[in-house]
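Take a look at the structure set out below.
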Amino acid sequence: MSLLLLPLPGSEAVSAALAAELDAEVGTLAVRRFPDGESYVRLDTPVVGRSVVLVCTLRDPDRLAIPLLFAAATARELGAARIGLVAPYLAYMRQDARFRPGEAIASRQFGRLVSQGIDWLATVDPHLHRHHDLAEVYQVPAAAVRAAPAVADWIAREVPQPVLIGPDGESAQWVEDVAARIPAPHVVLAKVRHGDRDVQVSPPTVAELRGRTPVLLDDIISTARTMIATVGHLRAAGVDAPVCVGVHAVFAGDAHAALVTAGAARVVTSDTIPHPTNAIPTAALLAPAIRTLA
Ligand code: R5P
């Protein structure tokens, strides 16, 4: 029997793309809020004996986590043979240490919570920094699929003479991978974060960029302050306006507009989170991992 994909709110488009890749059925999962803010979940498609895949990209994770946990538990109670989670964007990966006394290490706690309800997990470019493997965070088999092949294809197709710029040390893993695939030169800058919206990025050496189109590349664009600080250096140096590429289009508040205003020539993201900037599809990259795990 084919896989049964059940999209949580916001994951309908990626579920349709995955269904086409996997020749899978897309079922119906109803989610709504009671007036008091509690979550209501109903599985409308029978799951007994099925290999069920909950598809839930975790932008706005606190709103989605309870419906996701309820959906997984309900699928189990109703006799699903196997339950997987495809979270193209996996939230809560950045609070990966106790930076100040008393802080929750949210990555591990969220991982433990979600792992209770599922048999496996697949995601795209999770923010693995101080954790080096999803196995340190999730207690079920998990695949971290790289968006790099699709990102490299897009840049090679759309950007003449690119030079890739990673705005901080954490981005080196993505920038080096994508640059090697194009192939294109790359530089990685240094960042100091003083607060949620307060970052300092080291200026690049202009000679490395002359005659090329700068492409900023990062895994997550959240407030966009990391990219805005880097765009500022490039504009001040008088090099071409940069193309900004993010894997995960989190875009908190006015982040997208602010990045455009700062001087980005184009802003492009993968489709792990639905957003008007999506131009890089990931379903074909996720499908083999899902086939293996489901
Ligand atoms: C963290 O270091 C990530 O790789 C990104 O650089 C970060 O999430 C970007 O955040 P923001 O857009 O809020 O500057």
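The reciprocal of the average 1/r between distinct C-alpha atoms defines the Kirkwood hydrodynamic radius, which for region 135-294 equals 16.1 Å.
When +1 charges are put on Lys and Arg Cβ atoms and -1 charges on Asp and Glu Cβ atoms, the dipole computed for region 68-222 relative to its Cα centre reaches about 140 debye.
Rounded to a whole number of µm²/s, how large is the Stokes-Einstein D of region 143-231 at 20 °C and 1.002 mPa s, given Rh as the Kirkwood radius over C-alpha pairs?
Answer from the Stokes-Einstein relation: 160 µm²/s.
Just so you know, the averaged projected area of the alpha carbon convex hull for region 38-178 sits at 10.9 nm². Fewest neighbouring Cβ atoms within 10 Å first, the residues SER222, SER202 line up as SER202, SER222. Think of the chain as having a plus end and a minus end, set by charges on the Cβ of Lys, Arg, Asp and Glu; of ALA258, PHE34, TRP154, ALA258 sits farthest toward the positive end of this dipole. Computed over the Cα atoms of region 1-77, what is the ratio Rg over Rh, Rh following Kirkwood? Rounded to two decimals, Rg over Rh is 0.96. Across all directions, the shadow cast by the convex hull of region 75-141 built on its C-alpha atoms averages 4.8 square nanometres.
Take every DSSP beta bridge whose two residues both sit in the chain; close to 20 percent of them are antiparallel.
Once you have the Kirkwood Rh of region 22-120 from its Cα pairs, apply Stokes-Einstein at 20 °C and 1.002 mPa s and quote D in µm²/s. Result for D is 146 µm²/s. Sequentially through region 281-289, phi angles give Karplus couplings (6.51, -1.76, 1.60; θ = phi - 60°) of x, 10, 4, 5, 7, 6, 4, x, 5 Hz, Gly and Pro residues having no value and appearing as x. For region 200-247, the Cβ-based charge dipole about the Cα centre amounts to some 140 debye (Lys, Arg positive; Asp, Glu negative; other atoms uncharged).
When the Cα positions of VAL47, LEU293, THR57 are compared along the charge dipole of the chain, THR57 comes out farthest toward the positive end, with charges on each C-beta of Lys, Arg, Asp and Glu. Projecting the Cα atoms of ALA106, LEU22, ALA279 onto the charge dipole of the chain (Cβ charges, centred on the Cα centre) puts ALA106 farthest toward the positive pole. At q = 0.14, 0.27 Å⁻¹, what is the base-10 log of I(q)/I(0) for region 214-294 according to the Debye formula with one equal point scatterer per Cα and no solvent? Please give it to two decimals. Ignoring solvent entirely, the Cα scatterers give -0.48, -1.26.
Applying a DSSP loop filter and a limit of 16 other Cβ atoms within 10 Å to the trypsin sites (Lys or Arg not before Pro) in region 43-112 leaves ARG94, ARG98.
Here is the size of the chain from its Cα atoms: Rg then Dmax, 19.7, 62 Å. Could you list which residues have their amide H under 5 Å from that of VAL55, counting only those 5 or more apart in sequence or on another chain, with H placed in the peptide plane? For VAL55, the qualifying residues are LEU6, LEU8, VAL86. Think of each Lys and Arg Cβ as +1 and each Asp and Glu Cβ as -1; about the Cα centre, that makes the dipole of the chain roughly 280 debye.
Rule-based calculations on the coordinates, nothing more; no lab input. What you are looking at is a predicted structure, and each value in this text was computed from that prediction instead of being measured. Reconstructed Cβ throughout: ideal geometry from the backbone, glycine too, with neighbour counts over all protein chains shown.
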